[in-house]
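Below you'll find the structure, written out as structure tokens, and then a few comments.
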Amino acid sequence: MRTSASEPAPSPITASPPKSVPSSVPQPVPDVLVVGGGLIGLVTAWRAAQQGLRTTVVDPAPGGGAAHVAAGMLAAVTELQYGEQTLLDLNLASADRYPAFVAELTDLTGLDTGYRRCGTLAVALDADDRAHLRDLHTFQTSLGLESQWLGGRDCRRLEPMLAPGVRGGLRVDGDHQVDPRRLAAALLRAAELAGVAFVRARAVRVEVTAGRATGVVLADGTVLGAGRTVLAAGSESARVAGLPPDVVPPVRPVKGQILRLRIPPGHAPFLSRTVRAVVRGSHVYLVPRENGELVLGATSEEFGWDTTVTAGGVYELLRDAHELVPGITELPLTETLAGLRPGSPDNAPLLGPTDVDGLLLATGHHRNGVLLTPVTGDVMAEVLTSADGELPPYATAFGAQRFARTRQGQPA
Ligand code: GLY
């Protein structure tokens, strides 16, 4: 799942909302105005402020959005898709940054992010799944990725709660997890400590004057000026008005429904690592937290802005997860939620400068928003502080205008 500025969907079974943090007073004209206070907006603002840039974040509920919904898998290897090797490099670069990134956040804020080096087991339940996983394993190893094939018995030895019918799987010890809610809370605190100001309101329009972005207009008509504006509003990014058509980010909402179960205190250990599978063509994963939470996700639905939790979505997730780990049905179901991933045409993020002077994008992270948070912060800080304002070499494939350029027949 991903980061966005959208509100979490109302849920029949809800957890407490993210703690509200008192607003700080915004600078009159910040150097950098970040639209969106999800993980991507927060990390961009924090890193910008660390570079000495006066920075403001505009979001009605910073630290919420899709970070409140996402499971937090850091699954560069197990979520590898054919044709996405370029994205893989960025995913791996971000995964490598995670230990130092979360350590820095915890040192600065005293807050734990729930980063857990637990590894992942991707299993197959039938002959077709097994053949698919075998192919994926060949692909992973051809790229030099660490992934070990295990037979069904070895999978169950590793995770005894797995169904007896598991036919084999991939052990990927480098795919870990973080708790996105805790991560968002730590980023919010770190940003505040670095001097970032927060405007708890919705930006509805980017102001563009003589081809230059000069800030945003809020829902109540207030105008906020800025030296540079970064659009980091997740799936909402294309809904912010005022941009020329070729600069509107090509992002769309991709709905994910997710469940949270709780392992009761004193219950035998359930899973020691993330377990996932593709069941009847749908991804299902179970992410066990150290605090006893078991996150079960996720649907992937292209239904526009709908964030309803449906009986069908919950049924399918529980049915598929039950095939994988039958014991889940005895656990309390504590929460159901739906969020919106910001899908981009190639599933990769849109980063850096646009054809409107002073406007940058940090959006379109689709299924990888949590994973890509550290590297996105670094990329955006480099762009915002470099003399030429261009992307660093390792991120040039993710330029904000690459789709518009392709449409115009120019090199992306
Ligand atoms: N990366 C997990 C998801 O998007 O569901």
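When every residue of the range 280-289 is checked against the conditions, none turns out to be closer than 23 Å to T44 by Cα, part of a loop (DSSP other than H, G, I, E, B) and within 18 Å of the chain's Cα centre (by Cα). Among the numbered conditions (1) away from the ligand (no atom under 13 Å from the Cβ); (2) in a helix (DSSP H, G or I); (3) in contact (Cβ under 8 Å) with a residue 12 or more places away in the chain, the only one that L317 does not meet is (1).
Comparison of V370, V379 shows that the only residue that is closer than 22 Å to Q50 by Cβ, free of Cβ contacts under 8 Å to residues at least 40 places away in the same chain and of a type in the set (V, I, T) is V379. Can you name the number of the only condition in (1) free of Cβ contacts under 8 Å to residues at least 24 places away in the same chain; (2) under 18 Å from T120 (Cβ atoms) that S94 fails? Among (1) free of Cβ contacts under 8 Å to residues at least 24 places away in the same chain; (2) under 18 Å from T120 (Cβ atoms), S94 violates only (1).
Taking V278 as the residue in question, decide whether it is within 15 Å of the ligand (Cβ to nearest atom) and more than 19 Å from V69 (Cα to Cα). Outline the logic, then answer.
Working: within 15 Å of the ligand (Cβ to nearest atom): yes; more than 19 Å from V69 (Cα to Cα): yes.
In short, yes.
Could you tell me whether any residue of the range 96-106 is part of a loop (DSSP other than H, G, I, E, B), farther than 30 Å from V217 by Cα and not aromatic (F, W, Y)? Let's see the steps before the verdict.
Looking only at the range 96-106, we keep the residues that are part of a loop (DSSP other than H, G, I, E, B), and these are none.
Taking every residue of the range 96-106 in turn, none turns out to be part of a loop (DSSP other than H, G, I, E, B), farther than 30 Å from V217 by Cα and not aromatic (F, W, Y).
Buried (at least 16 other Cβ atoms within 10 Å of the Cβ), charged (D, E, K, R) and more than 14 Å from the ligand (Cβ to nearest atom): does that describe E192? So E192 passes the test.
Any idea which of R273, R228, R262, R252 is in contact with a Pro (Cβ under 6 Å, 6 or more places away or on another chain) and either in contact (Cβ under 8 Å) with a residue 12 or more places away in the chain or within 30 Å of D112 (Cα to Cα) (or both)? First the steps, then the outcome.
On the way: R273 fails: in contact with a Pro (Cβ under 6 Å, 6 or more places away or on another chain); R228 fails: in contact with a Pro (Cβ under 6 Å, 6 or more places away or on another chain); R252 fails: in contact with a Pro (Cβ under 6 Å, 6 or more places away or on another chain).
None of the other options fit; the residue is R262.
Screening the range 285-308 for residues that are of a type outside the set (A, V, I, L, M, F, W, C) and within 13 Å of the ligand (Cβ to nearest atom) and picking the one that is farthest from V275 (Cα to Cα) gives E301.
The single condition from (1) more than 28 Å from T310 (Cβ to Cβ); (2) of a type in the set (G, A, S); (3) within 16 Å of the ligand (Cβ to nearest atom) that G364 fails is (1). Given the criteria in contact (Cβ under 8 Å) with a residue 12 or more places away in the chain, under 12 Å from F270 (Cβ atoms), away from the ligand (no atom under 13 Å from the Cβ) and open to solvent by 30 Å² or more (accessible area, probe 1.4 Å), does P326 qualify? Considered against the rule, which asks whether it is in contact (Cβ under 8 Å) with a residue 12 or more places away in the chain, under 12 Å from F270 (Cβ atoms), away from the ligand (no atom under 13 Å from the Cβ) and open to solvent by 30 Å² or more (accessible area, probe 1.4 Å), P326 comes out as yes.
Of all residues in the range 360-393, those being of a type outside the set (V, I, T) and either closer than 20 Å to Q81 by Cα or assigned to a loop (DSSP other than H, G, I, E, B) (or both) number 15. So, T354, is that one more than 16 Å from the chain's Cα centre (by Cα), surrounded by fewer than 18 Cβ atoms within 10 Å (Cβ to Cβ) and either farther than 30 Å from T299 by Cα or away from the ligand (no atom under 16 Å from the Cβ) (or both) or not? Taking the combined requirement at face value, the residue does not satisfy it.
Within the range 107-133, how many residues are more than 16 Å from G174 (Cβ to Cβ), open to solvent by 50 Å² or more (accessible area, probe 1.4 Å) and in contact (Cβ under 8 Å) with a residue 12 or more places away in the chain?
Let us first name the residues in the range 107-133 that are more than 16 Å from G174 (Cβ to Cβ), namely 107-114, 123-133.
When the remaining residues are screened for being open to solvent by 50 Å² or more (accessible area, probe 1.4 Å), the result is 107-108, 110-112, 126-128, 130-132.
Now restrict to residues that are in contact (Cβ under 8 Å) with a residue 12 or more places away in the chain: 108, 111-112, 126-127, 130, 132.
The total comes to 7.
Look at the range 290-313: where a residue is surrounded by 16 or more Cβ atoms within 10 Å (Cβ to Cβ) and a partner is of a type in the set (F, W, Y), sitting 6+ places away or on another chain with Cβ atoms under 7 Å, you get L294/F270; G297/Y285. Just one residue in the set P249, P245, P264 is at pLDDT below 95 and either under 17 Å from the mean Cα position of the chain (by Cα) or over 30 Å from L133 (Cβ atoms) (or both); that residue is P264. If the condition is being over 12 Å from R202 (Cα atoms) and open to solvent by 10 Å² or more (accessible area, probe 1.4 Å), then the range 227-240 contributes G227, R228, A238. Given the condition more than 18 Å from L360 (Cα to Cα) and either within 16 Å of the ligand (Cβ to nearest atom) or in contact (Cβ under 8 Å) with a residue 60 or more places away in the chain (or both), answer yes or no: does some residue in the range 41-56 qualify? Yes, because at least one residue in the range 41-56 is more than 18 Å from L360 (Cα to Cα) and either within 16 Å of the ligand (Cβ to nearest atom) or in contact (Cβ under 8 Å) with a residue 60 or more places away in the chain (or both).
Whenever a residue of the range 331-342 is open to solvent by less than 10 Å² (accessible area, probe 1.4 Å), its partners that are outside any strand (DSSP E or B) and charged (D, E, K, R), lying with C-beta atoms within less than 7 angstrom and at least six residues away or across chains, give the pairs R341/R2; R341/R367; P342/R2.
Restricting to the range 35-53, name every residue that is surrounded by fewer than 24 Cβ atoms within 10 Å (Cβ to Cβ) and either closer than 15 Å to E236 by Cα or out of contact with any strand residue (DSSP E or B) (no Cβ under 7 Å at 6 or more places or on another chain) (or both). Spell out how you get there, then give the answer.
Looking only at the range 35-53, we keep the residues that are surrounded by fewer than 24 Cβ atoms within 10 Å (Cβ to Cβ), and these are 50-53.
Selection gives Q50, Q51, G52.
The values are calculated or read from the model by the stated rules, or taken from the named source; none is laboratory data. The model shown is predicted, which means the values in this text are computed figures rather than measured ones. Because the Cβ atoms are built from the backbone with ideal geometry, glycine has one as well, and the counts that use them run over all protein chains shown. Keep in mind that these areas ignore ligands, DNA and RNA; they rest on the heavy atoms of the full protein, side chains included. Shrake-Rupley method; radii C 1.70, N 1.55, O 1.52, S 1.80 Å.
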